[in-house]
Each structure stands twice: as C-alpha cells, then as structure tokens.
Amino acid sequence: MSKLDKTNEHEEHTPSSSFSREIEKEPGGADIQHCIQCGMCTASCMVASVTEKYRPRKLIQKILLGMREEVLTSELPWLCMTCRQCEERCQEDVSLAEIFHAVRNIAAREGYIPVGVQKVVDTVMEDGWMLKDGYSDFIEDDRDDLGLHTDLGWNNEFVKKIKKRFIDGGNKK
Amino acid sequence: MTTEREPKSKASRDGTGIKSKEALVIGGGVAGMTAALDIANQGFKVTLVEKAPSIGGVMAAIDKTFPTLDCSACILTPKLSEVAHHPNIDLLTYSEIKSITGETGDFRVKVHKKARYIDEDNCNGCNDCVPVCPVELPNEFDENLGFRKAIYAPFPQATPHIMTVEKKGEPACRATCPAEVNAQGFITMMRHGKYDEGLEIFRRSNPFAGVLGRVCVSFCEGECERGMLDESLSIRNLHRFLADYERMNEVAPVVAKIDKKDRVAVIGAGPGGISCAYQLAHLGYPVTIFEEREEPGGMLRYAIPEYRLPREVLDEEIQRVLDMGVKLVTKTKITSIKSLQEKGFKAVFVATGTWQSNKLGLKGEDSEGVIHAIDFLESTCRGKEITIGKRVAVIGGGDAAIDSARVAIRLGAKDVTMIYRRSHVEIPAIPSEVQDAMKEGVKLMLLTSPMELIVNKGKLSGVRCIKMRLGEPDTSGRRRPVPITNSEFTMAVDNLIIAVGQSADQKGVQTDVECSKWGNAVADPITLATKTPGVFAGGDIVLGPNTVVKAVGHGNQAAISIDRFLRGVDMMEGRAKHRHRVQSYEVDKEGVPLDARAAMPKQGVDSRVRDFDEVELGFNEAMAEEEAERCLGCAVCCECERCVTACQRDAIDHNMKDEVIDLHVGALVLATGYKLFDISEYTQFGYGKIPNVISAMEFERLINAAGPTQGHLLRLSDGRKPKSIGFINCVGARDVQKGVPYCSRVCCMFSIKNSVMCKQHDADIDVTVYYADIRAFGKGFEEFYENAHTRFGVNFVRGRVGGVSQVKDNGTLRIQVENTETVKLMEIEHDLIVINPGIIPPDGLDDLAVELSMDLSEEGYVDVRDTILTPVDTPIDGVFVCGCADGPKDIPDSVSAGSAAAMRATIVLSKGDE
Amino acid sequence: MKEFVLYTGCTTPVRLPAYEASVKIVLAKFGITLVDMKDANCCGAQYVESVSHTAFAAMTGRLLAIAEKMDMDILAICGACSGSMKTMKHELDNNKKLLKEVNEVLAEEGLKYTGKVEVKHLLQIFQEDIGYAAIREAIVRPYRGIRLSAHYGCHVTRPEEIVQVDDAENPKIIDKIIEIAGGTAVDYVGKTRCCGGPMLGIDAELAGKIGRDKIENIRNENVEGIITACAFCDLQLTQVQIGDDASDQDKIPVMTLPQFLGPALGVNFSSLGIELNRINPQAILQG
C-alpha cells in the first residue's frame, strides 16, 4: 500500500537485520524481532495521539529494516514517555519502552542527545539531584512549617564518579 | 485368545484381556458425530457420549457457516437425525466419563449419566411442560442473552428430541427440614402470585402451614443459602402468609378418599399423630386418633400460648385433617396397645409426647408458689384461673421457659426474671422469642443457677442462686457451667416456674413396647418401627422433648412405614439414602444485589402484654412477594410438579437417579471440542462493562432466527438497529502475554462471515473489520474475503484496536486504532462492537487426560502422536482424536478428522479377534 | 511497628513537600515509621536512564544498597522512582553481569546490593501492610459521597509483572480507599493513560496536550477532584490547568492520596500542607 514518505527524493535502502540484532543484545530488546507490525502500540500511545510525527510502530519498523543512522539521529526515540501502555497491550510481548531506551543509549554513546535531556543529565550528574537550583528559601520555609527536615543531604560525589566512568562527557550534536 | 500376550501400549491398567469390537466417541459435536456415523456405517457398534443435553456442539448455535454461508442448522440437523436413528449408535447425552481403565482393544469405561428426570421413551419433546414451569434462568445456549425454564430443550432440533430438567439436588432448606417441606417450591409459586399452588405444595409434606408458620424453629432458615449472601429468607413467615391468605380468601376444598380396608390407630393427637393420620388418610387408609385430653393438638393447644398460636388457626388446620375422613376420639386414654390390635387395628402409631415436667431436685420444690412449666402453661391454655405474684422467676432457657415468662407478664407479674445457667450463646429457645420476651420486660439472668428454695410457712418466699462460669464442654458439646465460689445471692420471689425439660410418663402406654431407661420408646431411626411388629412410635415419646417440626417429620415417616408394612413391602428400602444437597458453590450469587430480610410486623409492646392476642401480625402481600423474590432458587427445578400435571405422556419422573453405565470398548475417539477465551480479561475493550460491546457468539445468536431476538440484529442496550459495527479480531489468540500464543485458525474467517451477515441484514450498515492479519488459507476463503470487500462493501482496516471507550452523550463506542497502511491514528465511532474470541481447550479435557494417563500439549490440547503422519492418533494406543480437541479447526477440517479417526478406530476394532 | 526507609526522589521535597509531610503523618497513624534516606542521589529515571543504562543501574543500585545497609525496605512515593527502583531491582536480581559491575562501583563506598531489600510504592503499603480493614476502622470523619477520580500513574502500575502494585489495565487501590473514606470513586475514559509528565523536559507543548486530554476526560464525568499517587503526576495535572495553555473551564482540584485520606482520619489540614495545593481543594475537603 502507499507509503507515507515526506521526501520527494528517491532514497535507496538495503534492509538489514544487524541493527535489530544490536538492539536484541540490550536489556529489554530481546523480543523486537517478534513484532508483526500490527499497530496496537500506536493505537495505545498518548504521544501518537497528540502529534502526527510520532508512530512507535513505524519506529520499530525502521529498526527492523536496519535504518540505523536515521533512527539514531532522530528525535523520535526521545519522545517515548516510557508509560508502557504499549508494552501492556502488545500481544507479542515486545517491550517498546525498553527498546527505545536502548536506542537512546546507543545514540548517546555516539553523541546524539537532545538539548533538553543533556541539560537535565548535566545537572543531575553535577548536583546529585535535579532541583538544587529550584530549592529556594521560600520552599525551605514551607518544609520547616510542615515539620520536615530542611537539609536534604543529597550526595554529589557518587554521581561525579559515575559520570566519569559510564557517561563519556560531551555535548556532541 | 491367549492370556500370555504382552500389552503393546503404555499404561495398561486392569485390562481384562477380553477384546471388544465396539467403540466409544466422547463428544457429540460435528467431529464426534461424523466419527460415530462412520464407525457405525461400517457395522460396528458405537456409543456416543455427550455432556450437554443434546448433541450438535457449537455448530448447533451458529447461524451461517463460512465460506459458503450455508445455514448451519440445515447442514447439521440431518446428521443429528442420522445419529439418533442409527441402529448401531447408542446415544448417551447429559453424560460424562467417570473413569477409563484398560488398553487398546479392551477399555473399561464408566459413564456417569446424569438424571434428567425425563423418561426418554415416553417424552416426545412436545414442550407442553415448558410454559407451566415457574423457574426461569439465563439460557446458556443463547449466550445468556435470553431465558429458558428449568425444564427445557436447548434448541428446537435438540437430539435426542426430549426435554431435560435441570435439578442440582435438594436445596438446603428442604434438606434440613425434618418434615421435608419443599420451601423452594412454594416460594417459587409465591413469586408468581400463585398462593394456592404454593400452599398445595406445602401441604404435600404436612397440614400445618399456619401452625408451623407461627411456631416452627425454622431449621431451614439457618441453612438458607441466601444467608451466605446477606440474610436468609424468612421461610416460616412465608408459608404462614400462604395459610393466612387462604383464610381470608377462598379456602381449598378437602377431598376425602378413604378406600382401603386396613385400619390404623394413632395414639396422641399432637403434631406427630395428626401428621401421620394426614398422610395415611391421603393414601386412603381409615385412621382413628385416640386423644387423652378433651381436644386435639397436644402441646400445640395445651402448652404453646395463644399469643403465639391463635386457636382458630390450630382448629381449622386440624379440622381439615379430620375432614379427610380421619376419626378423632377424645377424652380417651389408651392404656394397652394390644387392646387396639384386638379391636382390629392393623397398625398403631404411638405419639403421646412427654408431658412430665422435670424436677430441679431442690428441697421445697413442692411448696406453694412453685409450679412446673408444663402444668403452668396447660392451666393457662385451659383458661384456668391462676394467681401470679408480682415477682416471678423462671428457671430454664428453652421455649417452655420463654413461654412461661411471657405468660407470666400477661397474667400481671411486674418483675419476671428468667434464670438460665449458661450464656446467651447457648440458649435453646427461638431467638426471636427471646428478643420479644426481652422487649416485653422479661429480664434475662444468665450464667446463674438456683441452689436453694427459701420457703416460709410452706410458701415460697425466695430463691438463692449462684453465679456460674462456663468451663469445659460436656457430652452435649456445650460448655459446662461451673459455679463461682462466694457468688451466692438471694432473690425474693412470689412464684417460681420451673422449666428444665420434660420426660415421658413412666407408666404411659409406650411401655407396652421396648423403652429406654428414661421411659422413651425405642424405635428405628428411619422406619420408626418398634420391636413389636405393627407398632410404630415417633415424636417426643421417642426423642425426648424436641421440636414440633421434628414430630411432624416423624409422623410422615411413620405413615410411609405403616403403608409399606400393611402392603407387606420392605420398609427400609431406599429410605436411608440421601439426595445430593446443593452445595454453596453450586449456587451462583454473582451480581445478586443485597437486600435485607423482611421484618415481621409485631403488635406494639404495651398493647400486647395486656392480653393473649397474637403478637406477630403476618406479612402483607407486597412484603411476601418481595421476600419471595429474594430466593436464590438453589436447586433450579423446584419440584412444584406442574410439569408432571401438564405432561400428557407420563414422561416426567422427579425421582429418577443418576446412573453409572459400564462400557467395554476396543477404541476411543476424543471429540471434546473447545471453549472460547474469556474476553473480559481484556479490560481495555470493556467487555462486560460497556454496553454494546459483545462477543462473536453473542452476535451469532442475535442474527440467528431461532435466537433471543428472532434474528433481528439489535443493540441490546436500547433495542436500536446499529448503523455502524466494528469487529475486533485476534483477541484471546496470538497473545503471548495472555498465555495463548497460537493462532486460533478460524476467527479471521468467522469475523469476515459475520461482517458479511451484517451487510445481508442491512446493506446500509457501515461495517469495519480491524485485523492484524487475514488468514484466508482454505478452499474458497480468499474469494470469500475478496467478495466481502468488493461485493458487500465491508471495510477492512489493518491495525489492532488499542481500546474501546463509551461516548457519553449518544451511547456510541469509540475505538482507537492505527491504520498501518496509511499510518493514520484514528478514533472511530461505532454503534456496536463485536469481539472475536480465540479458541481454547474445553473444561474437563485435563481431567480426561489424567484418566488416560495422557500428557496434553503445553497449550492444553491433545498432543497427537505425529502431526504429519498420524494426525488423529493420540500417544495412547487405541485412543484417537478429532475436531478441536487437538487444536483449533474449522468445520470441514473437523469433519475430515472425524472420518479419519473413525477409520483408525475401526482398524483396531477389526483386529479384535486376534 | 513497621519501618521503611523513605526515598522521596528529587521532585517531592522541593515541589510537593506537602505530599512528603502527609505521607509521614498518615502512615504514622497506622503505626508505620519512616526513616529518611540520607546521602542519597537521584535515581536517574528517564533522563540518565536514556543516556546510559549502566550509569542508571549504578545510581539506582546505590539506593537499593543504602537501604540494605539500613536493613529496611524502601518506600517510594514518586511513580518514576518507584518504577526505576523496582525494574532495576528486577534486572539486578536476574543479570549477574550487571550486578557485578554495579557492586564493583558500590564497593568503593562499602556498599553492596545482594537482593535482600524490597521496594514498595505507597499504594502497596496501603493495600498490603495496612490493609483495607484497618483503614476502615481508622476513619473518624468520613466524606459524604463526594465524587472523585483516581489517577494512578504509568510508572506506578506498569510493567505489571515486575512492579506488582495493582492491575495495570484496571487499577483499584486508590478507588477503594476513596470509597472507604466515604467518597464516590468515578471511572473515566483513559484512566490508565499517561499524564504527560515524562515529556516535559523534551517537548513541553506535547506534554501539555497529553495532560489536558486527561483533564478533559475527567471533567466529562463531573467530579470534584482528582486523587494521585505520584508526585510528578500531581504536579503535571495541576500545572496543565493553571499554565498558559490551560482552558478557561473551572479547575479541578488535584490532591495526593494521603492528603485526601488524612482529614478522614482526623488529621488537621495544616499538617497535611493543604494550603500549599495550588488549586484550591476546598471542594474536596467539604465533601
């Protein structure tokens, strides 16, 4: 049937299962080859319902066809909210959220991270948590009024260590 | 035939070594029927066993088949007929396999044939019994969309063409009642407003609808299954209503039909004696009741106070018994049973009761002011003048004690205390009586016992009591009261009424037969025969003080025994067996809304303590009907026997029993079919919650002309014709997460067929099928699919539906689906959603596999020996399989498999002589 | 006397301190004490998780190891944290290679994860550790039938086989507690859909659309309030109603479960931080 292809150019692509095999090795990626492209995931996806650009089934299809470059450089894998509604309903037990996490991990390793994500990651790996800058005096007072401790005591040494060891720094785009 | 041959198959158990040339087919669907016919047509005898009341399987419920759109019933019914009439086929329906032992060529099978209470030779399926049956329940054949009766045939072409009565056994109420009152029966009649018929059903067991309706302990209510849900039915008050209703409207005439010669004597006109006479008169025997006192009734008249049992009610019900031709001789005390026998009575029933009050054994018990309960109550009931002081104490906790206390209040006592040595939990009196007594001002002094009577100048002035505590249980199982040291106290009383039980008159006429050391007659617990031939005894005189209904029960049993005795028939036969009592889990309580038990209206406390007018006022018609509606109908068939009256061929017999049939066969064919996946497990589709989301089988029944809507395709929520229908495929099949990873093979074609049926019903309906794949692999399938699309205009969307939700304002249904061909994510509205469930193994297949020592496949189906070379052989020699028992199949494939299995079976049978 | 170590996550202490306070007070009423986890770090959900699985494993693994050292099970009150810790625990318990890698890093601090510690979400505490009967008995000021809808949150209930908190397609715990406390639990279309929270850092516009869809579905049922069990969801459902793209319709109060249950148990409003709720919850509290 007709293909919804936005480009007018003729693109040649040789299908290959090497990318899906790469994904299979990642945690959660094992069942990706079971996908029968039935569309249950897209039908259940909240993101798909609010934007036309995102179709989880199509993303899986691209992985299965081996379109590695396109998938890794795309913002689409980062749009998955990991709400897992698709995973609950998929009758072949394909774990889309985990597959997309694996795609993101690979993309990150190769230097493709959206700006918004990078910002949060940098903050967390520096401060140990997300909202150090957001912890204002007013909020400290609120906590005090509620009888809660005000020294939140987050550890920032460990994350620095982890960053060095597992996340190659860098903001390549 | 040598006996030294080694068995060839595995699991040879208890083979007898004798070969059989007969076959057994288990399952009467299209596959099983085909197998049975092919075996039979080769000249072999075959038994076909089917669980349901009729053969035909699922195919009987289907409207049209794919891909030819043949009417399913049209192609199936000739086969049904052929099976029914084939001389070589023995058809056992409503039957299940109990056990299988043996090996190929020599299987011993026990078949459990459930009683259908229909004489299969006389019944011709005319349906005269159906309109009169008062019990309605959901019709499983119509997927519970419609109703059927307790007596039914599942569909018009049911084979064998006879009815079936669904009766689960004896309901708890009836099983508990000592008089075997058919409570479910009369209550079912009350639901339909048929009070006269309800009363007639009650009167089959005893004549005391009104009397027992006021005084019975109601053992039935303690066991009523409704009590497991909210509160038990007010059974006693319901049959009281029946009696009261008759008194205020038309009284049913009494028919006297005494046509036998053997005379029977009954000694004692209490409830036991009168019931016995009633039953015997019913059978035509001339009965004479001898009563010592001036009027009949026994303790009903001379002990139970009038505010509990108005005398008119008692008189009328006794009179009805007398009107049947029973003679009553009052003021006559029989002192010798032999004298009666010499007078020509061929049988005697002793029911004289226990009237001697037990003594406390305390000094001063014969002083003035001390009176024993039975004497007190009898005097009151006779209307004698009794002086009662202001302060009265009653010793005891049974009904006699309560009655005495409440009578004392009415006679003017100001301060009445009931002293009982155990606690509230152990009080034997009827709980509602205890409540009423307390409301009337009777004080309950529990865990107290009298130890000394204080007498002043020959007159009682007080009683010294001691407090008790409950210790270890005694032989009756109740905790023994133990005095608490130094807890004595004295109570000033004017009168003491002692109600600590009764005993038999040690010099009574019962001593003519063998008695126990307490003076009670010894009688067989079932036949009630004493050791003296022709003399029977029952009621309190045998049991010691007991309940009215127990005496009535004894009266009934004695009548049966006497009748048999007089006819020279064995008295014991068939009487010790118990019918299956319907168990709690057998009664479906799901979805039954909770509803409180009707409360009996009572006279106001202030007015009622002034006189002996009846305290309980009785239900009105609205209350009675509402209460009757709460009955769960535990046994399903209520044995009202209206069907028996309507049947003109004498074909209904409610006493039939289940049978066990032994079969000796050489080969088995398993054709047990399938069941459908429970789609309510897919919460996102809302099946069972959202109206107008239905399953494919429900759809099938809706479009079937013999179905609940006569073939009109309607929305069940509002009766509207749907304008837009969506079919959701692949539900309960090809689903790893729900444990059914395999393809169900038939649902794609099934849904296409149904989508075409929609269009045939109304070409303007917009029909869409949502699918993951279309599997149209068989002969004519692809063309059918193509036609559905091009000729009939069914839309096909490739995309599995994510979920179904209800659109609030207009009651339509909204689905989310991605059309994977256009990559459009759509929300589409339909009037009706039909979900196609996948096929799964049927109930009971795993049990059968255990009997055969056969392993099933991982999905629960029969695993054939080799899917390519021997597709109908199971791993067990001599056992073959066809139809869906080994995996999903459509009708043509099931029929082929049936023929194949038949062939494989007859190869075994042909070798039978080797 | 049950004890849990409380892991608040990054968001609750700063953006929803009332939730933290009300959890502590309400659980204390049932004899459950909570010990704050000290020296913790972000669990790494969603963002770090997307960038490096191993980093995520180490960060969440550290939290599990800290709890193990404290010899207590973890109570998570944020859905994302609960989801992270439960799924990571499941992975570490079944993947020896990853466990070894993580423990190697943790060993440098003297920490180790052996699998002993359990992770529970707040809803599990109510259902399993407290039990509905105890909740029923503790109600002193029941609500009077007020209509409320429950929002469970994706990471709280999914993936069902691993987190085992409630039935993912048809969750019941919050609804049951609403009923026990005297309210009327009302279902709505899309009950199990996401609130849009995880999308905030990536595309705030889409996140808003998703959240508003949920609010509109709830509004169709004419309820007085929404009860949540995840800090993120609570903030998101509040924010989409008061942010720039919010509709003009009346705002539906959003409240966390312990804040809702507290008054029924006799806890006063101020200890539950009710004044801090950004949409006035009067309507709920008067019902």
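In table form, for the structure just shown:
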{"read-out": "Candidates A:ILE36, A:ILE106, A:ILE63: whichever shows maximal mean-square fluctuation once chain A is modelled as a Gaussian network with Cα springs under 10 Å", "value": "A:ILE36"}
{"read-out": "Over segment C:140-278: Kirkwood hydrodynamic radius from C-alpha pairwise inverse distances, Å", "value": "15.4"}
{"read-out": "Mean Cα-pair separation over length for segment C:2-121, i.e. relative contact order, pairs under 8 Å, 6 or more apart, %", "value": "31"}
{"read-out": "Size of segment B:625-703 as Cα extents on the principal axes (Å, biggest first)", "value": "57, 51, 26"}
{"read-out": "Set of aspartates and glutamates near B:LYS194 by C-alpha distance (under 18 Å), chain-local residues within fewer than 8 positions excluded", "value": "B:GLU136, B:ASP244, B:GLU246, B:GLU250, B:GLU621, B:GLU625, B:GLU626, B:GLU627, B:GLU629, B:GLU639, B:GLU641"}
{"read-out": "Listed residue pairs exceeding 32 Å between alpha carbons, taken from B:LYS723/C:LYS176; A:LYS53/C:LYS24; B:LYS149/B:LYS577", "value": "B:LYS723/C:LYS176; A:LYS53/C:LYS24"}
{"read-out": "Average beta-carbon neighbours from other chains, 10 Å sphere, peptide C:224-230", "value": "0"}
{"read-out": "Separation of alpha-carbon centers, segment B:771-803 and segment C:141-186, rounded to whole Å", "value": "40"}
{"read-out": "Chain B, relative contact order in percent, only Cα pairs under 8 angstrom and at least six apart counted", "value": "16"}
{"read-out": "Among C:LEU123, C:ILE173, C:VAL26 the positive-end extreme of the charge dipole of chain C (Cβ point charges)", "value": "C:VAL26"}
{"read-out": "Proximal charge balance of B:ALA269 [Cβ under 10 Å; K/R count +1, D/E count -1]", "value": "-1"}
{"read-out": "For C:GLY225, residues with placed amide H under 5 Å, excluding near neighbours", "value": "C:SER149"}
{"read-out": "Rg to Rh quotient for chain B, alpha carbon positions, Kirkwood Rh", "value": "1.08"}
{"read-out": "Residue with peak Gaussian network fluctuation, chain C [Cα springs, cutoff 10 Å], from C:ASP166, C:ASP73, C:ASP244", "value": "C:ASP244"}
{"read-out": "Expected 222 nm ellipticity per residue - DSSP helices of 4 or more, -39500 (n - 2.57), all of chain B, to 500", "value": "-7500 deg cm²/dmol"}
{"read-out": "Over segment A:3-109, relative contact order from alpha-carbon pairs under 8 Å, at least 6 apart, %", "value": "34"}
{"read-out": "Shielding of A:51-64 by partner chains, average beta-carbon count, 10 Å", "value": "2"}
{"read-out": "Under Karplus coefficients 6.51, -1.76 and 1.60, residue-wise ³J(HN,Hα) of segment B:575-580 in Hz, glycine/proline x", "value": "9, 7, 6, 10, 6, 5"}
{"read-out": "Heavy-atom accessible area, 1.4 Å probe, ligands and nucleic acids excluded: residues of segment B:699-743 down by at least 40 Å² from chain alone", "value": "B:ARG734, B:VAL736, B:GLN737"}
{"read-out": "Trypsin sites (Lys or Arg not before Pro) restricted to DSSP loop in segment B:251-341 with at most 10 other C-beta within 10 Å", "value": "B:LYS261, B:LYS331"}
{"read-out": "Cα-centred dipole magnitude for chain B, charges only on beta-carbon of K, R (+1) and D, E (-1), debye, nearest 20", "value": "2620"}
{"read-out": "On Cα atoms only, tilt of B:271-283 relative to the major axis of chain B in degrees", "value": "50"}
{"read-out": "Calculated from backbone phi, Karplus (6.51, -1.76, 1.60) coupling profile of segment B:718-734 in Hz, x at Gly/Pro", "value": "9, x, 6, 7, x, 9, 8, 10, x, 10, 10, 9, 6, 9, x, 8, 6"}
{"read-out": "Heavy atoms of B:ARG904 accessible to a 1.4 Å probe, total area in Å² rounded to 10", "value": "90"}
{"read-out": "Most positive-pole-ward Cα, A:GLY153, A:THR123, A:GLY134, against dipole of segment A:115-167 from beta carbon charges", "value": "A:THR123"}
{"read-out": "Share of carbon and sulfur in the accessible heavy-atom surface of chain A [1.4 Å probe, %]", "value": "47"}
{"read-out": "Highest-MSF residue in chain C out of C:LYS29, C:LYS97, C:LYS172 [GNM, Cα springs under 10 Å]", "value": "C:LYS97"}
{"read-out": "Cα-centre dipole for segment C:140-278 with unit charges at Cβ (Lys and Arg positive, Asp and Glu negative), debye to 20", "value": "400"}
{"read-out": "Spatially proximal lysines relative to B:LYS359 (Cα-Cα < 24 Å; intrachain offsets below 8 disregarded)", "value": "B:LYS384, B:LYS390, B:LYS443, B:LYS457, B:LYS459, B:LYS467, B:LYS507, B:LYS517"}
{"read-out": "Magnitude of the charge dipole, the protein assembly as shown, Cβ model with Lys/Arg +1 and Asp/Glu -1, debye to 20", "value": "3040"}
{"read-out": "Positive dipole terminus of segment B:761-914, leading residue within B:SER853, B:PRO841, B:ILE774 (C-beta point charges)", "value": "B:ILE774"}
{"read-out": "Karplus 3J(HN,Hα) series, Hz, for segment A:119-132 with 6.51 cos²θ - 1.76 cosθ + 1.60 (x for Gly, Pro)", "value": "4, 5, 4, 4, 4, 5, 6, 8, 8, x, 7, 7, 10, 4"}
{"read-out": "Cα-based helix-to-principal-axis angle, B:30-40 vs chain B, degrees rounded to 10", "value": "80"}
{"read-out": "Number of partner chain Cβ atoms within 10 Å, mean per residue of A:149-158", "value": "5"}
{"read-out": "Cleavage-rule hits (GluC sites (Glu not before Pro)) in segment B:101-189: DSSP loop, at most 14 neighbouring Cβ within 10 angstrom", "value": "B:GLU120"}
{"read-out": "Amide H contacts of B:GLU170 (H built 1.01 Å from N, under 5 Å, at least 5 apart or other chain)", "value": "B:HIS580, B:ARG581, B:VAL582"}
{"read-out": "For B:VAL500, residues with placed amide H under 5 Å, excluding near neighbours", "value": "B:ASN358, B:ALA373"}
{"read-out": "Convex hull per residue volume in Å³, alpha carbons only, for the protein assembly as shown", "value": "252"}
{"read-out": "Angle in degrees between helix A:96-109 and the longest Cα principal axis of chain A, rounded to the nearest 10", "value": "80"}
{"read-out": "Summed buried accessible surface, chains A and C, 1.4 Å probe, nearest 100 Å²", "value": "5000"}
{"read-out": "Largest to smallest accessible area among B:LYS550, C:LYS96 [probe 1.4 Å]", "value": "C:LYS96, B:LYS550"}
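The values are calculated or read from the model by the stated rules, or taken from the named source; none is laboratory data. All figures in this text were calculated on a predicted structure; none of them were measured in a lab. Neighbour counts are summed over all protein chains in view; Cβ atoms, including those assigned to glycine, are modelled from backbone coordinates with ideal geometry. Just the protein is used for accessible areas: all its heavy atoms, side chains included, with ligands, DNA and RNA removed. Shrake-Rupley method; radii C 1.70, N 1.55, O 1.52, S 1.80 Å.
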